[in-house]
Amino acid sequence: MARKKIALIGAGNIGGTLAHLIGLKELGDVVMFDVFGGVAAGKALDLAQSSPVDDFDCAYSGGSDYAAIAGSDVVIVTAGFPRMAGMSRDDLLTKNAEVIGQVADGIRTHAPNAFVIVITNPLDVMVAVMQEKSGLPANMVVGMAGVLDSARFRLFLAREFDVSVEDVTAFVLGGHGDTMVPLTRYSTVAGVPVPDLIKMGWTTQDKIDAIVKRTANGGGEIVKLLERGSAFYAPAAAAVAMAESFLKDKKRVLPCAVKLNGEYGQSDFYVGVPVVIGAGGAERVLEVAFTPEEKAAFDASCDAVKKLLADFRAIGA
Ligand code: APR
């Protein structure tokens, strides 16, 4: 069986980390694309030279010709400008929409059958622009945000409870950013929901509230520390989990930005919800019943995403 082919559009911090993880996991061969072709080619060669040390087989190539992505099974898009200190994700809107438009053209022309994972921020709008401009079916275009947000939530919960991250599950929905909605009722330690753990005296509501806040601001905390650029290890790991579920038809239930079609009472825009990722792309949205408070929080998050999309359309970019 021929190896799978994974194209990475954007060979910056996240792109390089994606390429490394994909090689180490032997998910397939990697083609890196960047407007700066030398960066893509240089990283590809450097990574290839690590493969004999770590004993993995992965053909790496890099450049600035979209023709090289032809036949890709998966395309992961990080092309664009990262957030700098003092910028919100939304500040990146017009600059990155232009980039996504170019990338969508390249994908439509050369890899129209690929499963496309968008990482570029502001995520919920960029993934919508990608789907519209590429014309790919909505189930084959998803955004990476929820896996990252829930990983942050899981880490902070695991530290609070002093247990393994492996035994902590988290459930987050909504837009990527301040309005993200973590559902503590469905977040657990070994199946025990967080509200029960509060009752058991393992933690307090105040501490959970602080963790929720830190999670929603997780990207900003890193931007501030790095001073130049934004998070890349965890975003790359999150996108690789999504790609792997597609490539191996694992049907993992992962929170991803998908185009809603009546689920959760919302339609025609992208926002984060739990979804089954398998060989059919985004196969099925997991729709849970909300309490009135959860519904209000989710609807507010959807409103924030819809407003940003409307603002973007209004400037006609
Ligand atoms: N086509 C292809 N590549 C492009 C284009 C374009 N039109 N414009 C910029 N790039 C490339 C840059 O040359 C750079 O190598 O995208 C890459 C982005 O890499 P970084 O600046 O290192 O950014 P990174 O940290 O990887 O984040 C990328 O993901 O999380 C989001 O907010 C983040 O939108 C940002 C994106």
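No lab work stands behind these numbers, since they all come straight from the coordinates. Please read all numbers here as calculations on a predicted model, not as lab measurements. Glycine also receives a Cβ, built like all others from the backbone with ideal geometry; neighbour counts cover every protein chain displayed.
Miscellaneous remarks
- Along the chain, counting only GluC sites (Glu not before Pro) with a DSSP assignment other than H, G, I, E or B and at most 15 other Cβ atoms inside a 10 Å radius, the longest segment between sites is 27-226.
- Sorting Ile6, Ile315 by the number of Cβ atoms found within 10 Å of their own Cβ, with the fewest placed first, yields Ile315, Ile6.
- Region 247-263 and region 39-106 have Cα centres separated by 22 Å.
- Formal net charge of residues neighbouring Gly101 (Cβ-Cβ distance under 13 Å; K, R +1; D, E -1): 0
- Quotient of the Cα radius of gyration of region 146-315 and 2.2 N^0.38 Å, N being its number of residues: 1.05.
- Around Ala241: net Lys/Arg minus Asp/Glu count, Cβ-Cβ under 12 Å: +3
- Mean separation of Cα contacts under 8 Å (6+ apart) over length of the chain, as relative contact order %: 17 percent
- Taking every alpha-carbon pair under 8 Å whose residues sit at least 6 apart, region 5-144 reaches a relative contact order of 22 percent.
- Cα coordinate range in region 5-144, projected on the principal axes (Å, largest first): 41, 36, 23
- Local net charge near Leu173, Cβ-Cβ under 10 Å (Lys/Arg +1, Asp/Glu -1): -2
- The charge dipole of region 5-144, taken about its Cα centre with unit charges on the Cβ of Lys, Arg, Asp and Glu (plus for the first two, minus for the last two), comes to roughly 280 debye.
- Dipole magnitude for the chain: about 120 debye, using +1 per Lys or Arg Cβ and -1 per Asp or Glu Cβ, origin at the Cα centre.
- The fewest-to-most ranking of Thr179, Thr291 by surrounding Cβ atoms within 10 Å reads Thr291, Thr179.
- The chain: mean projected area of Cα convex hull, nm²: 16.1 nm²
- Cβ-based charge dipole, region 146-315, positive-most Cα from Ile211, Gly262, Gly278: Gly278
- Ranking of Cys256, Cys58 by count of other Cβ atoms within 10 Å, fewest first: Cys58, Cys256
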